[in-house]
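This report concerns only the one structure given below.
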């Protein structure tokens, strides 16, 4: 093929074939090759490589010993394990739902230290192994509702956040709890891409009011489906607050800090009119761009087997947690 | 410079192959769990982006025809435009079926309530009008009005990328890039309209 710039047309004969390729070249130069743009960077390459599994082997997951308290075993159909661990929002590892599983397997989750400090009588730095041993682990079947209007039912394994907080003894000034995800751009390619790549600032930070954090439903999860968490679900330690939208349930926690004032939270910083500090699941308060009145259930069904169900106030936990917000205007404090 | 009928056929087959190959890719991708364990959301986005890509391709044809001095290329716009409409239909169908589970009252409610949905719906309706009138018969019936009607493609080129940018949870590079490509293709026309025509007079 002649190496002719397309800005300079000549009178020479241009065969349809070379025209075809030059157009391809233009498209490529503009970066709008139809297939290419739709692919994750990790999957680019020859066409026959597109679906080859280039990701590293799945991270090791160890079996856990845990109790199964009846109070946390509602009769709900569990979302299949492969969907729980294969459909994730974890921007540190990429933007689409398949990216975290594809890119997170190399995350170094052991040893893993968590700093607990701020307004506490006993600040400490703990290894996750110690936490797993110190607290009795429980399996709890929780509803999980993403702010994107999809939902799952997930068998988490963990211990109450309140138990850990009692151990470190919050001071009388402590009113809020702030959490922080690992910041390590070498391990987390999404962080290396920065805000323009991901749309949010890193490290990911979240927060709860102290009374929310002390609520027995607030769980620090170390496992799911009987084993330790896979990296894409927030290994080795993540928060699970089942009555709030999923983005509150921060993953791969390295720091827990008790504070007097309300801490900044990642999605609230990115779009304060769309994501509030409280982010309680509320079918009455729509996201500005979509309805929160119902949700798509990620179930065992196939692609065409779509279930939409009404979203429940506080994601079905209203009886347990509505009291925390007595007297508050939940439209304003969304 | 003209193109032989054979060359035109080759190009048209090429366009069909491209549209078909992307559909084949989509089916394979879903089968191979490429979009993750639940394909619905990513599939909807993929269809929308592909519709945009075909839209850009139609808008690229007239600059290409000019640069390569091959006006016959213009005749390919109909086919590329119809593929754009095809992918826009898949996008809409996928949203209605896979996201909303055919809850059409919710679809209507969302279209009315959400500005970004309104932009998307308007874009689809305009594409529908263009697709329906993309035959010779309509061209003759509508006379001069036909050309004006089909300039609506420029409106789609403004609305659809904004619809995409507005729909995402966090602003990232991809929707910005699509908007930039649309802007480039439209600005080229504006520039020619202002400059080129003035100079040729």
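The values are calculated or read from the model by the stated rules, or taken from the named source; none is laboratory data. Remember, predicted model here, so these are calculated numbers, not experimental data. Every residue, glycine as well, gets a Cβ built from its backbone with ideal geometry; the counts of neighbours run over all protein chains shown.
Quick look at the values:
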quantity: Residue within the stretch A:132-145 that is within 15 Å of residue A:252 (Cα to Cα) and touching a strand residue (DSSP E or B) at 6+ places or on another chain (Cβ under 6 Å) present; calculated: yes
quantity: Selection count where residues are within 8 Å of chain A (Cβ to nearest Cβ) and part of a helix (DSSP H, G or I), scope the stretch B:22-44; calculated: 9
quantity: Exclusive hit being more than 18 Å from residue A:245 (Cα to Cα), in contact with a helix residue (DSSP H, G or I) (Cβ under 7 Å, 6 or more places away or on another chain) and assigned to a helix (DSSP H, G or I), set A:122, A:101; calculated: A:101
quantity: Residue within the stretch B:84-97 that is closer than 30 Å to residue A:285 by Cβ, within 8 Å of chain A (Cβ to nearest Cβ) and assigned to a helix (DSSP H, G or I) present; calculated: yes
quantity: Of the criteria (1) assigned to a helix (DSSP H, G or I); (2) more than 7 Å from every other protein chain (Cβ to nearest Cβ); (3) over 30 Å from residue A:148 (Cα atoms), which one residue B:2 fails; calculated: (1)
quantity: Which numbered condition residue B:102 fails, given (1) surrounded by fewer than 20 Cβ atoms within 10 Å (Cβ to Cβ); (2) in a helix (DSSP H, G or I); calculated: (2)
quantity: Residue list for the stretch A:208-217, restricted to those being outside any helix (DSSP H, G or I) and surrounded by fewer than 24 Cβ atoms within 10 Å (Cβ to Cβ); calculated: A:209, A:215, A:216, A:217
quantity: Residue match in the stretch A:8-27 (condition: assigned to a loop (DSSP other than H, G, I, E, B), modelled with pLDDT of 50 or more and either facing chain B (nearest Cβ under 9 Å) or touching a helix residue (DSSP H, G or I) at 6+ places or on another chain (Cβ under 9 Å) (or both)); calculated: no
quantity: Checklist (1) closer than 16 Å to residue A:215 by Cβ; (2) surrounded by 18 or more Cβ atoms within 10 Å (Cβ to Cβ); (3) touching a helix residue (DSSP H, G or I) at 6+ places or on another chain (Cβ under 9 Å) applied to residue A:316, failing item; calculated: (3)
quantity: Options A:258, A:239, A:220; residue that is more than 30 Å from residue A:78 (Cα to Cα) and surrounded by 23 or more Cβ atoms within 10 Å (Cβ to Cβ); calculated: A:258
quantity: Search result, residues across the stretch A:275-299 that are within 11 Å of chain B (Cβ to nearest Cβ) and surrounded by fewer than 15 Cβ atoms within 10 Å (Cβ to Cβ); calculated: A:288
quantity: Lone unmet requirement of (1) under 22 Å from residue A:170 (Cα atoms); (2) touching a residue at least 40 places away in the same chain (Cβ under 8 Å) for residue A:241; calculated: (2)
quantity: Helices (runs of 4 or more DSSP H) lying entirely in the stretch B:106-201 (those with 3 or more residues that are over 22 Å from residue B:84 (Cα atoms) and either within 11 Å of chain A (Cβ to nearest Cβ) or more than 16 Å from the chain's Cα centre (by Cα) (or both)); calculated: B:136-142, B:173-191, B:197-200
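Let's see how each residue does on (1) modelled with pLDDT under 95; (2) in a helix (DSSP H, G or I); (3) within 14 Å of another protein chain (Cβ to nearest Cβ):
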| position | (1), (2), (3) |
| --- | --- |
| A:89 | no, no, yes |
| A:111 | no, no, no |
| A:132 | no, yes, no |
| A:141 | no, no, no |
| A:147 | no, no, yes |
| A:159 | no, no, no |
| A:172 | no, no, no |
